[in-house]
Amino acid sequence: MNLKRFGVPAVIAVTAAIALSSCASNEAGASAPSESASSLSGNLVGAGASSQDAAQQAWIAAFQTANPDVTIDYDPSGSGAGRETFLEGASDFAGSDRAFKDEEIAAGGFAKCAPDTDIVELPVYISPIAVIFNVEGVDSLDLDAATVAGIFAGTITKWNDPAIASQNPDATLPDQAITPVHRSDDSGTTENFTDYLAATAPEVWTFEPDGVWPLESGEGAQGTSGVVDAVTNGTGTIGYADASRAGDLGTVSIKVGDEYVSYSPEAAAAIVDASPLAEGRSEGDLAIEVDHATEEAGVYPIILVSYLIGCQQYADSENVELVKSYFSYVASAEGQDAAAEAAGSAPISDSLRDQVNAAIDSIQ
């Protein structure tokens with residue numbers, strides 16, 4: 001399936017009524033009651049994951065429609081930049097395609113947060129990472145992990161290589177060079193993608209998972225949009241991006257066990273509910289350890305779990321209620337449906353929503 005990105009105008013009409021009802025009730029994680037929501041005002045600043053961009057546009061449009069005295073600015077500068085912006089205190093919250101690492105949390109220095117307080121990390125955006133390509137006459141391919149790893153490691157260099165051709169006997173593959181495209185910025189999408197490669201094809205992908213691409217080869221591009229543009233405008237190109245941005249590009253079905261699985265929100269959600277929370281985190285830190293190497297039937301293994309990150313206790317109370325109200329709307333069934341409509345993401349489960357709401361309630 002191809003997932004299309006919807007623009008803000010299309011989203012507003014769909015989500016405005018949803019947002020109004022969500023702000024009128026706290027049921028199932030909806031945002032603040034109407035009398036509280038109607039009095040909300042101020043400016044909220046967020047920055048980070050470009051994968052969340054379409055969803056953030058939908059969330060912001062709906063929330064601002066329900067709360068006309070609120071302005072929310074979200075800069076899709078990339079996960080690494082978003083975490084750094086939040087650390088420096090230049091934003092009220094961050095969007096990130098990976099949670100902060102243990103050593104980063106231990107180092108502290110979160111400028112917006114009160115001293116010696118924890119952070120909250122809320123997994124509210126779940127999406128497949130699509131392997132996208134641009135080869136004339138080819139719309140889809142079946143590939144196993146070792147072949148994907150070989151392509152991005154630079155050991156498989158032609159589209160008609162036997163490793164590709166043997167899995168796609170009905171495809172007309174050209175004798176054409178492969179140009180792998182990767183993120184040039186520090187990216188949680190890259191970290192999730194390289195985590196998949198390291199977990200499933202360690203004999204081919206010999207690098208540690210990281211948000212920074214480990215190879216000099218291939219073509220680098222800034223952000224999700226940059227990768228999609230580079231693959232779209234190139235010849236024989238292949239890259240990886242949030243599935244909401246795959247558009248009309250060719251996409252890869254990934255071998256899991258004995259079958260090839262195409263990406264879908266349902267297949268992405270299945271792996272999240274089967275994965276544990278990271279150990280040793282504070283109560284409001286809901287970092288998930290995704291099992292990329294699973295062989296469970298029907299599961300698409302290359303996914304990102306993207307987080308909203310804030311302070312459990314803010315040093316300045318000015319925007320606390322606004323942060324909590326916006327986070328609550330995002331996590332609500334209405335907010336998750338709005339993101340699914342706009343970005344093709346997988347709505348979080350009710351059990352995960354209960355955990356997210358408890359973390360939001362702890363914000364002071």
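The values are calculated or read from the model by the stated rules, or taken from the named source; none is laboratory data. Since we're looking at a predicted model, the values are computed, not measured. Cβ sites come from the backbone with ideal geometry, for glycine too, and all protein chains shown count toward neighbours. Ligands, DNA and RNA are stripped out before the accessible areas are found, and what is left, the full protein with its side chains, is counted by its heavy atoms. Shrake-Rupley method; radii C 1.70, N 1.55, O 1.52, S 1.80 Å.
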Conditions (1) surrounded by fewer than 16 Cβ atoms within 10 Å (Cβ to Cβ); (2) of a type outside the set (Phe, Trp, Tyr); (3) within 29 Å of the chain's Cα centre (by Cα); number of the one not met by PRO174: (3)
Residue in region 263-272 that is closer than 18 Å to ALA149 by Cα and either open to solvent by 40 Å² or more (accessible area, probe 1.4 Å) or in contact with a Ser or Thr (Cβ under 6 Å, 6 or more places away or on another chain) (or both) present: no
First in region 303-329 and over 10 Å from LEU44 (Cβ atoms), second anywhere and assigned to a helix (DSSP H, G or I) and among the basic types (Lys, Arg), Cβ under 9 Å, 6 or more apart: ILE309/ARG83; GLY310/LYS324
Members of region 279-290 that are open to solvent by 20 Å² or more (accessible area, probe 1.4 Å) and either in a loop (DSSP other than H, G, I, E, B) or closer than 17 Å to PHE133 by Cα (or both): GLU279, GLY280, ARG281, SER282, GLU283, GLU289, VAL290
Number of positions in region 207-232 that are farther than 23 Å from SER96 by Cβ and without any contact (Cβ under 8 Å) to a residue 24 or more places away in the chain: 1
Members of region 313-339 that are outside any helix (DSSP H, G or I) and either of a type in the set (Lys, Arg) or under 19 Å from SER127 (Cα atoms) (or both): SER332
Near pairs, Cβ below 6 angstrom, 6+ apart or cross-chain, from region 182-202 (on the phi > 0 side of the Ramachandran plot) to any residue that is open to solvent by 10 Å² or more (accessible area, probe 1.4 Å) and β-branched (Val, Ile, Thr): none
Of residues in region 87-134 being open to solvent by 10 Å² or more (accessible area, probe 1.4 Å) and in a strand (DSSP E or B), the one farthest from LYS324 (Cα to Cα): ASN134
Failed condition for ALA146, given (1) open to solvent by 30 Å² or more (accessible area, probe 1.4 Å); (2) outside any helix (DSSP H, G or I): (2)
Condition met for VAL204 (out of contact with any Phe, Trp or Tyr (no Cβ under 8 Å at 6 or more places or on another chain), under 20 Å from ILE156 (Cα atoms) and in a loop (DSSP other than H, G, I, E, B)): yes
Scope region 62-82; condition part of a helix (DSSP H, G or I) and open to solvent by 10 Å² or more (accessible area, probe 1.4 Å); matching residues: GLN64, THR65, ALA66, GLY80, ALA81
The lone exception for GLU259 - which of (1) in contact with a helix residue (DSSP H, G or I) (Cβ under 6 Å, 6 or more places away or on another chain); (2) charged (D, E, K, R); (3) under 27 Å from ASN168 (Cβ atoms) it fails: (1)
Residue in region 207-225 that is outside any strand (DSSP E or B), charged (D, E, K, R) and either touching an Asp or Glu at 6+ places or on another chain (Cβ under 7 Å) or open to solvent by less than 20 Å² (accessible area, probe 1.4 Å) (or both) present: yes
Qualifying residue in region 245-253 (condition: in contact with a helix residue (DSSP H, G or I) (Cβ under 9 Å, 6 or more places away or on another chain) and either more than 20 Å from ASP142 (Cα to Cα) or assigned to a helix (DSSP H, G or I) (or both)): yes
Residue within region 303-325 that is open to solvent by less than 40 Å² (accessible area, probe 1.4 Å), farther than 23 Å from ALA55 by Cα and among the hydrophobic types (A, V, I, L, M, F, W, C) present: no
Pair list, Cβ < 7 Å and 6+ apart or interchain, from region 271-295 residues that are farther than 23 Å from SER345 by Cβ and in contact (Cβ under 8 Å) with a residue 40 or more places away in the chain to residues that are assigned to a loop (DSSP other than H, G, I, E, B) and among the polar types (S, T, N, Q): GLU283/SER362
First in region 120-138 and at pLDDT below 95, second anywhere and acidic (Asp, Glu), Cβ under 6 Å, 6 or more apart: SER127/ASP242
Filtered residue count, region 331-359, keeping only those that are closer than 18 Å to ILE288 by Cα, buried (at least 19 other Cβ atoms within 10 Å of the Cβ) and among the hydrophobic types (A, V, I, L, M, F, W, C): 6
Lone unmet requirement of (1) open to solvent by less than 50 Å² (accessible area, probe 1.4 Å); (2) modelled with pLDDT under 90 for ALA13: (1)
